[in-house]
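Written below as structure tokens is the structure these notes are about.
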Amino acid sequence: MTVSMERKSSFLPKIPADKITTRKASGNDYEFFELLTEPLHAEMYSRQNFDFIQELSQGQQLFLSYDYVRMQVMQGGFIQFIQNGYVSLLLPMPGWLTSIGANEMAQLLDDVLKAYVTNIDVLERETTVEEFAQLYDQLPEFAILDEEFNSLDESTIHTMAVYAAAHLEEFVAF
């Protein structure tokens, strides 16, 4: 049983109830996840300001942050995610994921943060394209973390979808 993360949002998109019902009933957790994250991305894009995330509920922050992690990691791994300047999104995520029951992903992201801290000097320096490519050879531990992320993603999305379905008021206006 998961408990609502409680923080209220100043941005609750209006999504038609029939669309929510259809996406939940489809059995495709990613489609439901996408339905809830799409308006968050659109609003942040329209504001052109990442500070928007602070106006969101913790559940919305988790969904938006996790979607950024997914997009980066599935495209170029955690090294790309870190090099693109998104590492700060990871800081609250293990706690949020634990609170909704996604303990394995919470542990993985905690491990990513530890690997980041251990290798901060290498990961935080400016790199050329060639130097960036070499990071993958220099830091093989991240390949293992990337693989584990990919193996846990589906179950994490499922856990997040179950949480959102039980706490819709944290994600949408009725």
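Quick notes on this one:
- Partner aspartates and glutamates for residue 114 [C-alpha distance under 12 Å; skip if fewer than 8 residues away on the same chain]: 141
- Projected onto their three principal axes, the Cα atoms of the chain cover extents of 49, 33, 26 Å, largest first.
Coordinate-derived values only; no laboratory data. Keep in mind that what you see is a predicted model, and the values were worked out from it rather than measured.
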